[in-house]
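A.B. asks: Here it is: the structure, laid out below.
Derivation of every value follows stated rules applied to the coordinates shown; laboratory data play no part. These numbers come from a predicted model, not from an experiment. Here the Cβ positions follow ideal geometry from the backbone for every residue, glycine too, while neighbour counts run over all protein chains shown.
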Amino acid sequence: MINKFYKKIAIILLASISYSLMAIEEGQKVENFRLFDHYGNSHELFYYDDAKALVFLVQGNGCPFARNASGRFHELKDMYSQKGATFFMLNSNLQDNRDNITEEAMEFGYKLPILIDKTQLIGESLKITRTGEVFVLDPKTWQIVYTGALDDRLTYENQKEQASKHFLKDALDSIVNNLPVEKPSTKSLGCLINFPEERN
């Protein structure tokens, strides 16, 4: 019997499996930007140049992959913020706005600032494709040092009780210990973000 989780993703992801976009690239350099979060606070990327790492989860209202990843993302925030990493969510969905993002955050217990990319300029420049994917920036170089899945708990067909591979955690362990990330990219799963301007 298809469980509730997969009933929700069936329609959302049906068209997304064959739809291909340019993905975030590890080693890609990121330019400075400023965005407001759902609390109304302004965040400038280069302000966080003293962080050990900047860690982002791409959030989107209604996406079960992003919702499912958020709990484990918050757990990693609790573990690594004391080691110098700073965590954010980033929303580049045209259909989402501050009010309904705030409602989603309250309903699902998101405690992190959700940066709202209402013009999609940041999402396009970062080559974001899906909600639910994560990426990590090194403030020393402003390069992406990890991009992909948080772990291997979810696939389009199955959901494990426990992850056996912890991609983001492994990357953060390397970063806080000043070591190169051994696996800087993995395949990310999630709900596709529509970028109309990108196709014009």
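A.B. asks: For segment 103-113, just list the computed ³J(HN,Hα) in residue order, Karplus coefficients 6.51, -1.76 and 1.60, θ = phi - 60°, integers in Hz, with x standing in for Gly and Pro.
C.D. replies: 4, 4, 4, 5, 5, 9, x, 6, 9, 8, x
A.B. asks: Add +1 for every Lys or Arg and -1 for every Asp or Glu among the other residues with Cβ under 12 Å from the Cβ of PHE33, and state the total.
C.D. replies: Net charge around PHE33: -3.
A.B. asks: Please list the non-local residues whose amide H lies under 5 Å from the amide H of ASN194, H modeled 1.01 Å from N, same-chain partners needing a gap of 5 or more.
C.D. replies: So ASN194 has HN proximity to LEU94.
A.B. asks: Quick one: dipole size for segment 4-199, taken about the Cα centre, charges +1 on Lys/Arg Cβ and -1 on Asp/Glu Cβ, in debye to the nearest 20.
C.D. replies: 440 debye
A.B. asks: 5 Å is the cut-off here: which amide hydrogens, built 1.01 Å from N in the peptide plane, fall below it relative to LEU150, excluding neighbours closer than 5 in sequence?
C.D. replies: Distant-sequence amide H within range of LEU150: VAL134.
A.B. asks: Give me, ordered by chain and number, the residues 5 or more places off SER185 or on other chains with an amide H under 5 Å from its own placed amide H.
C.D. replies: Under 5 Å from the amide H of SER185: THR147.
A.B. asks: Report ³J(HN,Hα) in whole Hz for each residue of segment 116-128, in order, from the Karplus equation J = 6.51 cos²θ - 1.76 cosθ + 1.60 where θ = phi - 60°; Gly and Pro get x.
C.D. replies: So the Karplus estimates, Gly and Pro as x, are 9, 9, 5, 8, 6, 5, 6, x, 5, 5, 7, 6, 5 Hz.
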